[in-house]
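Take a look at the structure set out below.
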């Protein structure tokens, strides 16, 4: 773009300032009875991702590159040690792996505070 030259705009484009109404303070806008419960009810329907973390391992890149079918990666947890339940990548609980029919499950033993 040449110095001193204004960018081209459409001839019909006109800009107007926008005016906003001031927001009411929370104390000035009381919630309707039952409205909070309705909002909470809607939030309870939101899907979250839950993952069970059996353990982890720190590998160097060359170790990762050497992995093949049949390779074994040793994890940092001992057999019988509790595993972590992560909800949206945040530690939520700890428990034991169980078998439920033909699936794995998690028996919650401890909810993690914080």
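Observations, loosely collected:
- Estimated purely from DSSP H runs of n ≥ 4, each contributing -39500 (n - 2.57), the mean residue ellipticity at 222 nm for the chain is -3000 deg cm²/dmol once divided by its residues.
- Rough spin-label spacing in nm, given labels placed 7 Å along Cα→Cβ, for residue 57 and residue 18: 5.4
- Cα-based equivalent ellipsoid of the stretch 47-111: semi-axis lengths in Å, sorted from largest, via gyration tensor: 25, 15, 12
- Modelled spin labels at residue 98 and residue 47, positioned 7 Å past Cα toward Cβ, are 2.6 nm from each other.
- Extension gain (nm, one decimal) between residue 78 and residue 111, 0.36 nm per residue minus Cα-Cα: 9.8 nm
- With Cα atoms as the point set, the radius of gyration and Dmax of the chain evaluate to 28.0, 76 Å.
Readers should treat all values here as calculations from the given coordinates under stated rules, not as data from a laboratory. Keep in mind the model is a prediction, meaning the values are calculated, not measured. Here Cβ is always computed from backbone atoms with ideal geometry, including for glycine, and neighbour counts include all displayed protein chains.
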